[in-house]
Amino acid sequence: MNQPKNSVYTILLVFGVLLIVFGLVTPNIGRLSILNNSNAVYTKPSDVKLLELTNPVITALKDGGSDALALANLYNDIATLIEIDQDVIKNTEEIREANRISGHMLNLGIKDKYPNLGEAANNLVVSYIGDDNAALSPESRKKGVDAFRALAWACNEGSK
């Protein structure tokens, strides 16, 4: 009767050793493509006004490397959230708040690293969706999605 109990401990021990080895061999788990969304496709905004608003973001992040790519992935994910879940982000104020806290969500420590980035991203969002606090209609939801997709594209461009 003790035999099955010992085999469970052996399996757990082997699993634990494998996790430790994996942790030593791959110290930065964020490099795994399934976690960093490296296959994401970023599309240049077709709206001329929105495209113009991306220029300061690109400039602020010029040569931003992995910081910019992480932000691009995050903005892309936020756009998807706005697009598919109407219960999480319900109004324009929540869209602007999502933009304000986005940098903190990644814990990148970029607060003073890209001095004009926060202002440029906020200006893009406010200029495109407005600064009122209104419930999201299908049109304003699409504008929010477009704004975050544009931010994602701009961050990707800034990574180069």
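Any read-out appearing in this document is the output of simple, stated calculations on the displayed coordinates, not a laboratory observation. Treat the numbers as computed from the prediction; the structure is a model and nothing was measured. Cβ atoms come from the backbone with ideal geometry, glycine included; neighbour counts cover every protein chain shown.
The table below gives the values:
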{"read-out": "R0 of 35 Å, Cβ-Cβ distance D131-S66: FRET efficiency to nearest 0.05", "value": "0.65"}
{"read-out": "Cα centroid separation, the range 61-92 to the range 105-160 (Å)", "value": "8"}
{"read-out": "With eigenvalues of the C-alpha gyration tensor scaled by 5 and rooted, the range 48-158, Å", "value": "22, 14, 12"}
